[in-house]
Amino acid sequence: MMPFDRSVKIAPSILAADFADFGAECRAVEAQGADWVHVDVMDGHFVPNITFGPQMCAAIRPHVRTVMDVHLMISPVDPYIEAFAQAGADIITAHVEAGPHIHRTLQAIRATGKKAGVALNPGTGAETVENLIDMVDLICVMTVNPGFGGQGFIDMTTKVQRLRAMIGDRPVHIEIDGGITPQTAPLMARAGADVLVAGSAVFKGGSAANPAGYGDNIRAIRSAAETALPGRVA
Ligand code: DX5
Ligand code: ZN
């Protein structure tokens with residue numbers, strides 16, 4: 001993992017990539033400027049969709065040189081933490097809604113030596129992570145209801161601002177997940193987010209064989225977000 005910083009980071013979600021060619025897709029987005037690779041794990045129970053599990057994460061690991069950011073949309077979480085750690089995740093994020101014992105889950109993630117993240121659905125308030133703030137490296141604010149790519153952005157500006165104030169000087173990232181585009185990214189960066197997950201908005205109009213479009217898409221989101229930061233001239 002790279003040292004902590006609050007610069008804008010773009011994390012393409014491979015949920016929008018070619019599922020038959022994840023290795024090439026990961027290499028392509030990184031070559032085109034992705035900072036992290038976001039990996040969406042869904043179980044058909046916590047969310048109404050199924051993607052893939054730890055074996056797939058292990059298979060793509062050799063193709064990810066930056067940060068493998070694993071977003072677990074599964075319940076229960078605890079029985080699978082070790083498998084995702086073994087698969088080579090750098091960050092393992094669990095949902096606060098996934099069970100009654102998120103504190104224990106975060107302890108278990110940290111015990112593997114991996115970075116720990118906590119995710120909040122749109123209907124979940126910032127106060128739910130107040131007692132977890134010293135046990136996490138990342139707070140993921142969902143700006144869609146999790147389960148599918150390509151959904152419309154739900155504005156969580158107030159929640160992000162509250163979390164940013166709660167975090168203060170702690171080395172905790174705020175990640176935004178869902179509906180991020182060059183139009184929505186600036187709102188979230190201005191509110192205090194530093195990691196922007198984007199699926200459809202990165203993978204549209206390109207392919208692993210013809211990846212220039214990925215680079216254009218990543219640069220468009222990044223520059224829109226950076227322009228919105230305080231102290232920048234639009
Ligand atoms: C939603 C996932 C997101 C999703 C983002 O359940 O957690 O990571 O892939 O996709 P877009 O950017 O298309 O909303
Ligand atoms: Zn995600």
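Give all pairs with beta carbons closer than 7 Å in which a residue from segment 106-133 that is without any contact (Cβ under 8 Å) to a residue 24 or more places away in the chain meets a residue that is of a type outside the set (A, V, I, L, M, F, W, C) and not in a strand (DSSP E or B); count only pairs at least 6 apart in sequence or on separate chains.
Sorted first by the residue in segment 106-133, then by its partner, the list stays empty.
If the requirement is being within 13 Å of ligand 1 (Cβ to nearest atom) and either open to solvent by 30 Å² or more (accessible area, probe 1.4 Å) or modelled with pLDDT under 95 (or both), which of these qualifies: Gly113, Gly179, Gly150?
Answer to the selection: Gly150.
I'd like the residue in segment 191-214 that is near ligand 1 (Cβ under 8 Å from one of its atoms) and part of a helix (DSSP H, G or I) and, out of all such residues, is least open to solvent (accessible area, probe 1.4 Å). Step through it out loud before you land on a result.
Here is the first cut: in segment 191-214, the ones near ligand 1 (Cβ under 8 Å from one of its atoms) are 197-202.
Narrowing the set further to residues that are part of a helix (DSSP H, G or I) leaves 200-202.
Numbers: Ser200: 57, Ala201: 15, Val202: 0 Å².
My answer is Val202.
Please find, among Ile60, Ile50, the residue that is within 30 Å of Ser207 (Cβ to Cβ), more than 13 Å from ligand 2 (Cβ to nearest atom) and free of Cβ contacts under 8 Å to residues at least 24 places away in the same chain.
Ile50
Among the residues of segment 37-53, count how many are open to solvent by less than 40 Å² (accessible area, probe 1.4 Å) and either part of a loop (DSSP other than H, G, I, E, B) or not hydrophobic (A, V, I, L, M, F, W, C) (or both). So that I can check it myself, show each step before the final result.
Going through segment 37-53, the residues open to solvent by less than 40 Å² (accessible area, probe 1.4 Å) turn out to be 37-42, 47, 51-53.
Still in the list and also either part of a loop (DSSP other than H, G, I, E, B) or not hydrophobic (A, V, I, L, M, F, W, C) (or both): 38, 40, 47, 51-53.
Residues in segment 37-53 being open to solvent by less than 40 Å² (accessible area, probe 1.4 Å) and either part of a loop (DSSP other than H, G, I, E, B) or not hydrophobic (A, V, I, L, M, F, W, C) (or both): 6 in total.
Looking at Thr158, Thr143, which is the one that is surrounded by fewer than 24 Cβ atoms within 10 Å (Cβ to Cβ), modelled with pLDDT of 95 or more and β-branched (Val, Ile, Thr)?
Thr158
The values are calculated or read from the model by the stated rules, or taken from the named source; none is laboratory data. Owing to the predicted nature of the structure, the values given are computational and were not obtained by experimental measurement. All Cβ positions, glycine included, derive from the backbone under ideal geometry; neighbour counts span all protein chains shown. Ligands, DNA and RNA are excluded from the accessible area calculation, which covers all protein heavy atoms including side chains. Shrake-Rupley method; radii C 1.70, N 1.55, O 1.52, S 1.80 Å.
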